[in-house]
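*Asks:* Take a look at the following structure, please.
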Amino acid sequence: MPATFQASRAIIGPTPSELGILVCERGNCPPFAESRYVKRLSLLGRQMGMRVFAFSPWTWSPEDDSVKGWSWNETRRQWQAERRRLPSVVYDRAWPDSNEEKRRYRHALGAIQASRRIVCLNAHLPHKGKVYEMLARDRTLSVYLPPTAKYEGISSLASWLRKHDRSAFLKPVGGSQGKRVLALTGRQDGSVALAGRDERNRPLARSCGSEAEALRRADRWIGGRSYLMQPLLDMRTPAGEPYDLRALMQKNRRGRWTLTGIAVRVGSPSSVTANLHGGGKAVPAEAALVPQFGERRSGELLEEIAALSSSIVARLEQTFGRFAEIGLDYGIERSGKLWFLEANSKPGRAAMSSVGEEAAVAAAVLPLSYVKSILLRPPGRVIHEFDHL
């Protein structure tokens, strides 16, 4: 799909019902990630009487308060860009792909927020360690959290292996999409297997002749990054495939949390993750759970996840700010023990297609319905409720 930029002195907008999608514009075609999702939002928004366009925060001009906005032209079947007024409500779907781009993105968005009061649809969750610490203080939620400790060098991992049957799962505190995770599994002959995903989400596997060698390799892998250590939970299907569950929680047009759907993500037997970005596939939750746990227990687990998800999003919002949607990941061991794994404030949509057409449509429609309810409120009330974001 070609992308064009129309040079014009005229600045368009803003219109009363307008949503800006925050992206990281690049030289690609389409010019940003998740273009299919943004396109769907644009088409659905048009049906709802809302103008939706994407923009990178570094294109903002403080002189005329405009940005370079990308809109989908359905007639021409292409992306087109034009200068538009900075919208009052923004939805963050940016995916910086390097530390340099992350710094550029945060600096540019910070400059806008220092000058303008804009409504950010979703607050940002801190790193995994802080989320874990907050949830661990809640007695009703702490029982669902796997033991977790911060990696503090080779000695900390060696101590962890002694306490957890010579196995560990290491993940970066600020990671996403299953990148740079590492699993250590001790064998009876004293060797240790390493398996994980690199920064490009490619699978890796190594065999170390001794635990000492494995510890050195793991330490070099981690480098100066912040990592968490967790048990290597037995969360595999009867066929040996790793899997987890994604519950998508979203607010409806009344601002109330609702469960859009629960999907199971299944990875290949050779993988340590089930993340879709790492080659996993999404399947309906019942189809994955019933063969392993039976119909009755599967139903109980899904009901437990639904109730737990409502409690978790409430605690996250109380602590970290207002959200419109949160993705929650769970794991179930072969014993039937349910674990909460992590939360994502920028959840994907691909898994919801396995739940059914209703969930797939709702996953895109609900953010727009919620945005529309915000735009229809008196301006003073909007700022009062959201300016802390």
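*Asks:* Can you work out ³J(HN,Hα) from phi for every residue in region 88-96, in order, using Karplus 6.51 cos²θ - 1.76 cosθ + 1.60 and θ = phi - 60°, giving whole Hz and x for Gly and Pro?
*Replies:* Karplus-based 3J(HN,Hα) across region 88-96 equals 7, 10, 10, 10, 7, 10, 7, 10, x Hz.
*Asks:* If packing is taken as the average number of other Cβ atoms within 10 Å across a peptide's residues, how do 167-173, 32-38 rank, most packed first?
*Replies:* Details: 167-173: 20.7, 32-38: 18.3.
Ranking the peptides 167-173, 32-38 by packing returns 167-173, 32-38.
*Asks:* Then there's this: Could you compute the FRET efficiency for VAL290 and ARG117, with r as their C-beta to C-beta distance and R0 at 41 Å, rounded to 0.05?
*Replies:* E between VAL290 and ARG117, to the nearest 0.05, is 0.25.
*Asks:* Would you calculate, for the chain, the mean residue ellipticity at 222 nm contributed by helices, counting each DSSP H stretch of 4 or more residues as -39,500 (n - 2.57) and dividing by all residues, to the nearest 500?
*Replies:* About -10500 deg cm²/dmol.
*Asks:* Can you tally the lysine pairs in the chain where the Cα-Cα distance is under 13 Å and the two residues are eight or more apart, or on different chains?
*Replies:* The result is 6.
*Asks:* How far is helix 211-222 tilted, in degrees, relative to the longest principal axis of the Cα atoms in the chain, given as a value from 0 to 90 rounded to the nearest 10?
*Replies:* For 211-222 against the chain, the angle is about 10 degrees.
*Asks:* Rank-order 310-317, 348-355 by packing density, defined as the average count of other C-beta atoms within 10 Å over each peptide's residues, highest first.
*Replies:* Ranking, from highest mean packing down: 348-355, 310-317.
*Asks:* Using DSSP, restrict attention to beta bridges with both residues in the chain and report what percent are antiparallel, rounded to the nearest 5.
*Replies:* 80
*Asks:* What order, most packed first, do the peptides 322-334, 97-109 have when packing is the mean number of other Cβ atoms within 10 Å of each residue? Intermediate values should be presented prior to the final figure.
*Replies:* Values: 322-334: 20.2, 97-109: 13.6.
The densest-packed peptide leads the list: 322-334, 97-109.
*Asks:* Let me ask something additional. Among ILE154, ILE374, ILE262, which comes first, second and so on when ranked by fewest other beta-carbon atoms within 10 Å?
*Replies:* Arranged by neighbour count, lowest to highest, ILE154, ILE374, ILE262 become ILE154, ILE374, ILE262.
*Asks:* What residue among GLN113, GLN78, GLN47 shows peak mean-square fluctuation when the chain is described by a Gaussian network model with Cα springs under 10 Å?
*Replies:* Taking springs between Cα atoms under 10 Å, the residue moving most is GLN47.
*Asks:* Cα centroid distance between region 352-367 and region 132-146, in Å?
*Replies:* 29
*Asks:* Taking neighbour Cβ counts within 10 Å as the exposure measure, how do THR258, THR140, THR75, THR185 sort from fewest upward?
*Replies:* Values: THR258 14, THR140 10, THR75 5, THR185 18.
Ranking THR258, THR140, THR75, THR185 by Cβ neighbours within 10 Å, fewest first, gives THR75, THR140, THR258, THR185.
*Asks:* Quick check on region 3-120: take the gyration tensor over C-alpha atoms, sort the square-rooted eigenvalues as a ≥ b ≥ c, and tell me if it's rounded (a/c under 1.5), prolate or oblate.
*Replies:* rounded
*Asks:* Once you keep just the Cα pairs under 8 angstrom separated by 6 or more residues, what percentage relative contact order results for the chain?
*Replies:* That works out to 15 percent.
*Asks:* May I ask you to derive the relative contact order of region 3-120, considering only C-alpha pairs under 8 Å and at least 6 residues apart, and to give it as an integer percent? Present the calculation step by step, with values, prior to reporting the outcome.
*Replies:* On the way: 202 pairs, mean separation 38.7, N = 118.
Relative contact order comes out at 33 percent.
Since every read-out is calculated from the coordinates, none of them should be taken as a lab result. Remember, it's a predicted structure, so these values are computed and weren't measured experimentally. Cβ: placed from backbone, ideal geometry, glycine included. Neighbour counts: every protein chain shown.
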